[in-house]
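**Student:** Can you keep this structure in mind? I'll have questions shortly.
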């Protein structure tokens, strides 16, 4: 036992340093994903995008993980081949996709650059810029979702039994920090369209630096693995083989508690991330705000989650009540969207409330997997969950854009978002029902979801 304590993941300072390192990878991932939400009007003006085109662009991120099940496949690869290989491959795809997206919006490409003629030759109802950007968004999504799965497994590897919920809370906080920075910086850098491509290129460059940060992490991961193997040999502990069986996936889907969490995940995140993609434009239209003002109000949500998620994670580590936290978070989400749709209350307080909801549910949801799934299958479990989640992240941005176009014929400058936001309210209601069912299932199955995270059954 004394030898195990000598492994580098037993060093508190190094553990938290690793969290900062992989948290940066997560931050640039979210920065790029959200950098376009405050640029919606500029994209429409510069590239003649419709609301449906914009919804298609947002939703294309989720195509590889919804229809090709890449997050599931990535999770399986992760459990089979390990963190380093899987992480490098998928963070590389993330960086490549970001570069191609920025290239599709660049002046060089639009001036008949490489690929422009080819992308002009098919699907003529859509612009060549949109089609190249869709390809980039596809590749970015292919890499980004599995990279989040990789980061989740990294935290389990370094923090299991050592403030895991707090680590997950901080991990989520790093993601929200990226969103906050994107909402604050993108409209300022774009400068009312004068530097639109520069704002997009900066987002792509940040993703590339995330790839460099992951390469640095790989050195620490290799050292930890060598230490664990050495300790196992000295203590005559047989090495655990991560043999993947397809029955593992079916076993996960047969676990009612896991399935309820996965369904709650898709409804909850579908009521938040697609909403964020439209929120700056919604605030600008409903409250007559500028793009910069709308971006700042929208950034209240990630700022709130940056503060509250680690606090809730720490409480869940110590006190438990994960299912209860998901119930309250889902209820707050429902109330917020009803306020946005049915009242004219200024969005400052509702966005803060949404930040609390978006702290409660993720802080409780993701660490709960260790109660339901063996560590050797954690990558598969997270990957399957992200693929189910991406079904909503693919469908609902597109549905929101279609509803917006249908309820605003003629594409007016000021759009009525009431019907679109009511759709998000319905998702919140479904999520609340699923959270209540999860608490009931935990009581029946004695999974320990309501117990403190470090407490054994």
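The values are calculated or read from the model by the stated rules, or taken from the named source; none is laboratory data. This structure is a prediction, so every number in the text was calculated from the model and none was measured. Neighbour counts are summed over all protein chains in view; Cβ atoms, including those assigned to glycine, are modelled from backbone coordinates with ideal geometry.
**Student:** Would you please name the residue that is modelled with the lowest pLDDT, looking only at residues in the stretch 49-79 that are surrounded by fewer than 21 Cβ atoms within 10 Å (Cβ to Cβ) and under 22 Å from residue 384 (Cβ atoms)?
**Tutor:** 68
**Student:** In addition: Filter the stretch 433-448 down to the residues that are at pLDDT below 90 and under 27 Å from the mean Cα position of the chain (by Cα), then identify the one that is surrounded by the most Cβ atoms within 10 Å (Cβ to Cβ).
**Tutor:** That would be 442.
**Student:** If you don't mind, there's one more thing I want to ask. Among the helices (runs of 4 or more DSSP H) confined wholly to the stretch 115-227, which include 2 or more residues that are farther than 22 Å from residue 359 by Cα and in contact (Cβ under 8 Å) with a residue 60 or more places away in the chain?
**Tutor:** In the stretch 115-227, the matching helices (runs of 4 or more DSSP H) lie at 128-159, 164-190.
Yes/no per residue for (1) touching a helix residue (DSSP H, G or I) at 6+ places or on another chain (Cβ under 6 Å); (2) crowded, with 21+ Cβ neighbours inside 10 Å:
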{"residue": "98", "(1), (2)": "yes, yes"}
{"residue": "102", "(1), (2)": "yes, yes"}
{"residue": "110", "(1), (2)": "no, no"}
{"residue": "113", "(1), (2)": "no, no"}
{"residue": "123", "(1), (2)": "no, no"}
{"residue": "143", "(1), (2)": "yes, yes"}
{"residue": "148", "(1), (2)": "no, yes"}
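**Student:** Can you tell me which of 299, 368 is touching a helix residue (DSSP H, G or I) at 6+ places or on another chain (Cβ under 9 Å), more than 30 Å from residue 252 (Cα to Cα) and modelled with pLDDT under 90?
**Tutor:** 299
**Student:** Test of understanding: among 452, 409, which residue is within 19 Å of residue 169 (Cα to Cα), surrounded by fewer than 24 Cβ atoms within 10 Å (Cβ to Cβ) and more than 23 Å from the chain's Cα centre (by Cα)?
**Tutor:** 452
**Student:** Looking at residue 247, is it in a helix (DSSP H, G or I), at pLDDT below 85 and loosely packed, with under 15 Cβ neighbours inside 10 Å?
**Tutor:** So residue 247 fits the description; yes.
**Student:** Assigned to a loop (DSSP other than H, G, I, E, B) and closer than 26 Å to residue 264 by Cβ - does that describe any residue in the stretch 416-432?
**Tutor:** The answer is yes, given that some residue of the stretch 416-432 is assigned to a loop (DSSP other than H, G, I, E, B) and closer than 26 Å to residue 264 by Cβ.
**Student:** Which members of the stretch 313-326 meet the condition of being crowded, with 24+ Cβ neighbours inside 10 Å and touching a residue at least 40 places away in the same chain (Cβ under 8 Å)?
**Tutor:** 313, 316, 322, 323, 326
**Student:** When you go through (1) under 19 Å from the mean Cα position of the chain (by Cα); (2) over 19 Å from residue 330 (Cβ atoms); (3) modelled with pLDDT of 80 or more one by one for residue 402, which number turns out not to apply?
**Tutor:** Every condition holds for residue 402 apart from (1).
**Student:** Of (1) under 26 Å from residue 383 (Cβ atoms); (2) crowded, with 24+ Cβ neighbours inside 10 Å; (3) at pLDDT below 90, residue 82 satisfies all except one. Which?
**Tutor:** (2)
**Student:** Further question on the same structure: Please specify each residue of the stretch 97-113 satisfying the condition of being under 22 Å from residue 32 (Cβ atoms) and without any contact (Cβ under 8 Å) to a residue 12 or more places away in the chain.
**Tutor:** 108, 113, listed by residue number.
**Student:** Under 26 Å from residue 436 (Cα atoms) and surrounded by fewer than 24 Cβ atoms within 10 Å (Cβ to Cβ): is that true of residue 310 in this structure?
**Tutor:** Against the criterion (under 26 Å from residue 436 (Cα atoms) and surrounded by fewer than 24 Cβ atoms within 10 Å (Cβ to Cβ)), residue 310 qualifies.
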